[in-house]
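Below is one structure, written out as structure tokens; the observations come after it.
Just so it is clear, none of the values below were taken in a lab; they were calculated from the coordinates. All figures in this text were calculated on a predicted structure; none of them were measured in a lab. Cβ atoms come from the backbone with ideal geometry, glycine included; neighbour counts cover every protein chain shown.
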Amino acid sequence: MLDADKDPRTPQHPLLLITGERERYKANTRFWHLPLLKRMRARPMARLNRSDAGRAGIRDGDDVIVSTSTGSIRIGARVGDDIMPGVVSIPHGWGRRFQEPSADADPELGVNVNRLTDDSLREPLTGVPVFNGIPCRLEKAPVTAS
């Protein structure tokens, strides 16, 4: 169970991840295949505060690795001042092929943020898995050959 009075961050995971962000041109996993909507938002992006990104040497558009105690994903970074320092926000509804880890590399499907959540960590009142306030680490992804 989650202890609401304890700060969950650790030296290994000093940031907090929030998942489930809604995107303007995406309704969960519906309509992900429509050409017009694909052009408007081609892939999911992790929102980062400019100060957190600067400390990690990350610029807007760079690929980053977001890691929690349960997994890691590679995702593009959207750097700005529209999110609090210390917080990483990743939208849900991407990464439709959860059973095939290699499928997350498919740019059309994006990455599945649920790979970063721990279904054994539950809200004490509701018993629902925790999707927000998950301790995470952020690093610039290595450049891959295209």
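Here are the numbers for the structure shown:
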read-out	value
Other-chain or far-sequence residues with amide H under 5 Å of residue 72's (modelled H)	none
Cut-off under 5 Å, modelled amide H: who pairs with residue 133 long-range	17, 18, 19
Karplus-derived HN-Hα couplings along region 62-78 (A = 6.51, B = -1.76, C = 1.60, θ = phi - 60°), whole Hz, x at Gly and Pro	5, 7, 10, 10, 10, 10, 10, 5, 9, x, 9, 9, 9, 8, x, 9, 10
Packing rank of 9-15, 123-129, 110-116, 86-92, where each peptide gets the mean count of other beta carbons within 10 Å, highest leading	110-116, 86-92, 9-15, 123-129
